[in-house]
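Data first, discussion second: the structure below is written as structure tokens.
The values are calculated or read from the model by the stated rules, or taken from the named source; none is laboratory data. If you're wondering where the values come from, they're calculated on a predicted model, not measured in any experiment. Cβ coordinates were reconstructed from backbone atoms using ideal geometry, including for glycine residues, and neighbour counts include every protein chain displayed. For the accessible areas, the whole protein counts, side chains as well, though only heavy atoms, and no ligand, DNA or RNA atoms are used. Shrake-Rupley method; radii C 1.70, N 1.55, O 1.52, S 1.80 Å.
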Amino acid sequence: MVDTGPAPAGAPRAPEPTLREALTELRRYVAPERRRLLTAGLLLLLSGAVGLVQPLVVQHLLGGSDPLRGAARPLLALMALVVVGAAASAYGGYQLSSAAEGAVLTARRQLTAHVLRLPMTAFRRATPGDLMARVTGDTTLLRQVVQQTLVQAVTGLVMTLGALVMMAVLDPVLLGASVLAIALLLGALGLVMPRIRRASIGAQDSVGEMGAVLDRSLTAFTTVKACGTEESEARRVADAAERAYRHGVVRARWDSTANAAALLAVHLVFLVVLGVGALRVSYGAIPVATLVAFLLYVFFLTEPVMSLVGVVAFAQTGRAALQRIGEITRLPPEPPRSPAAPAASAASAGPGEPAVVFDRVSFRYPGGPDPVLRDFSLAVPAVGLTALVGPSGAGKSTVLNLVERFWDPDAGSILLDGAEVRDWDLHRLRSVIGYVEQDAPVMAGSLRENLAYATDRATDAELHGVLELTRLDGLLTRLGGDLDAPVQYRGVSLSGGERQRIAIARALLRRPRLLLLDEATSQLDAVNEAALRSVVQDLAARMPVLAVAHRLSTVRDAARIAVVQSGTVRAVGTHEELLRSDPLYAQLAAQQLLTEASPSGPINSPVVTGS
């Protein structure tokens, strides 16, 4: 087993961002769409301005001594204004929607790139399902934020102010009555909006939780089937979906309340204007044409006011989405690729010098109760196989993870080719290491893509060479000799041994200076294990190989064997030396029937518990 330490309960929760912080976060994604947003804003403003003129045309038409005489020209002008406004609105809406899609694309690109550059310490703070929800679901909400908030906030505000100015020109008394009703609307919205924001955060968190639960079930799909737990896993997902539903219903309730309050306010304004205006007409304070024009402005206000209410509501949803996205983007990533590796990383171990040195290394996983490694010291020769053996949980796999800098030690140092690994350019460090992890993941795609995953310069001859070297030529034959034959998701059509050998071939194709094997033979049968031992021995004759042993038979011929217990090296030696000097190794060897060589060929050894 890989030493992974305790996993945290869930994704990080950052403080709620201020409006300025939310706008700063949003600006990162909409900046590439500035031109389209400006075009959309100008067109929508033009459409609104056309709407502002229309009541004045109506007033002019009705205010004449004989409305029917000379009506053709004003009516044609009104029709032209309607057509221009509709065209400007349609194209402006198209530009706005395109800009919103572009912002979502930018956000997904940036967030995905950031997630993939996270160090292990940060990645373990969130589940894959929740991360997927943030990359897909939360970024989708940005589309609504851009469409319903950014441009419409400006256009709606300008149109509302423009309508109020025109209403003030027509009759200040009626305007005063209108503003009173609008003030009541703003007061109601002030009470509703915080509830919308809280419901939005809860709904989006629940969706992320549902994704995490579903990812848990699908990742262990075979185990679910074998244990007959489909119904219980379905209940887990259904419970998470139920929580998302409840939060969504709450958000819908407050959204509807806000919209109803806005609509009620507009109707209230209309009734107040109609009543007060009728009195003023009866007293001769204003003509009927002015009242009609004023009522048209009230109707005109309906769209920008409802738009502004939507802006405020979507702003709460947007802040919730930006908060969840920001919780990921604020996590510090690993250092980017350096254009030139430092001088230290260009060196290699000289004759007689160790390739890797662990000097009093101690390490505890974040949140873990006890250290996994304690004063771990070991020198790995520049040539030869060095094997790590020991009981489960001893910290063997963690040692390999520290060399790769998936984690950094809490104390002590690790030297590769005489340089501290922290001083290496991270990309350069990992490029010179071939790492075969215990789970040996195979990705959906072709066989070629899986083999050449870490290099884009592999020729067909090199691919056929590593296939033959790792005894995968039989797999290639089964695939019709086609390197581009598809491999199913997670390699479900392959045996465990085939997946493991693909991982080994992938590592060898990089031509590494150091090879790390984490229980690389755990799923191989005796024949293929013996063949792979021969491959490893050939590699160890010209490069350093550090291997975590799953079967002691794979390391009995190792140049050095380090016995690891409770996070420290208790003994180092050859197989024969350790049998005589170390009781723990002798016990492990006895359990593996390795105290005597088999006269009939490779030893068919049982499995020892992993690391």
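Observations, loosely collected:
- Test result for V281, part of a helix (DSSP H, G or I), at pLDDT 85 or above and over 30 Å from R513 (Cβ atoms): yes
- Cβ-Cβ contacts under 8 Å between residues 6 or more apart (or on different chains), taken from a first residue in region 268-290 that is closer than 16 Å to V179 by Cβ to a second residue that is polar (S, T, N, Q) and buried (at least 17 other Cβ atoms within 10 Å of the Cβ), are listed as V269/S178; V272/S178; V273/S178.
- Among residues of region 32-43, those that are free of Cβ contacts under 8 Å to residues at least 60 places away in the same chain and over 16 Å from A153 (Cα atoms), counted: 1
- Restricting attention to region 550-577, the residues that are modelled with pLDDT under 80, open to solvent by less than 10 Å² (accessible area, probe 1.4 Å) and outside any helix (DSSP H, G or I) add up to 1.
- Of all the listed residues (R125, R134, R109, R143), the sole one being closer than 23 Å to D205 by Cα and in contact with a Pro (Cβ under 7 Å, 6 or more places away or on another chain) is R125.
- Every residue from region 469-495 that is open to solvent by 20 Å² or more (accessible area, probe 1.4 Å) and assigned to a helix (DSSP H, G or I): L469, D473, G474, T477, R478, Y489, R490
- Filtering L214, L191, L218 for residues that are assigned to a helix (DSSP H, G or I) and either β-branched (V, I, T) or touching a helix residue (DSSP H, G or I) at 6+ places or on another chain (Cβ under 8 Å) (or both) leaves a single hit, L214.
- Among the residues examined, L46 does not qualify as surrounded by 13 or more Cβ atoms within 10 Å (Cβ to Cβ), at pLDDT below 80 and farther than 30 Å from G567 by Cβ.
- Of the candidates V527, V492, the single residue that is more than 27 Å from H427 (Cα to Cα), modelled with pLDDT under 85, over 26 Å from the mean Cα position of the chain (by Cα) and not polar (S, T, N, Q) is V527.
- Selection of region 447-462 for residues being under 24 Å from the mean Cα position of the chain (by Cα) and in contact (Cβ under 8 Å) with a residue 40 or more places away in the chain yields N450, Y453, A454.
- Residues (exposed (fewer than 14 other Cβ atoms within 10 Å of the Cβ) and among the small types (G, A, S)) located in region 239-257: A252, S256
- Tally, over region 323-363, of residues that are of a type in the set (D, E), at pLDDT 80 or above and in a loop (DSSP other than H, G, I, E, B): 1
- For K225, the criteria (1) over 30 Å from A321 (Cβ atoms); (2) modelled with pLDDT of 75 or more hold in every case but one, which is (2).
- All helices (runs of 4 or more DSSP H) inside region 396-468 with 1 or more residues being out of contact with any Gly (no Cβ under 8 Å at 6 or more places or on another chain) and open to solvent by 30 Å² or more (accessible area, probe 1.4 Å): 426-431, 447-451
- Evaluation of R499 against (1) of a type outside the set (S, T, Y); (2) over 15 Å from A387 (Cα atoms); (3) assigned to a loop (DSSP other than H, G, I, E, B); (4) open to solvent by 10 Å² or more (accessible area, probe 1.4 Å) (one fails), failing number: (3)
- Qualifying positions in region 85-103 - touching a residue at least 60 places away in the same chain (Cβ under 8 Å) and surrounded by fewer than 20 Cβ atoms within 10 Å (Cβ to Cβ): S98, G102
- Qualifying residue in region 420-432 (condition: on the phi > 0 side of the Ramachandran plot and at pLDDT 85 or above): no
- Of all the criteria given as (1) at pLDDT below 80; (2) over 30 Å from T127 (Cα atoms), the one not satisfied by V207 is (2).
- Neighbours by Cβ (under 8 Å, 6+ apart or cross-chain): first from region 159-177, at pLDDT below 80; second surrounded by fewer than 13 Cβ atoms within 10 Å (Cβ to Cβ): none
- Filter result for F363 (touching a Ser or Thr at 6+ places or on another chain (Cβ under 6 Å) and open to solvent by less than 30 Å² (accessible area, probe 1.4 Å)): no
- On the stretch given as region 284-322, residues that are of a type in the set (V, I, T), modelled with pLDDT under 80 and more than 22 Å from the chain's Cα centre (by Cα) total 5.
- Residues that are touching a residue at least 60 places away in the same chain (Cβ under 8 Å), in contact with a Ser or Thr (Cβ under 8 Å, 6 or more places away or on another chain) and part of a loop (DSSP other than H, G, I, E, B), drawn from region 521-548: Q523
- Filter result for A261 (surrounded by 18 or more Cβ atoms within 10 Å (Cβ to Cβ), within 30 Å of R198 (Cα to Cα) and under 45 Å from the mean Cα position of the chain (by Cα)): yes
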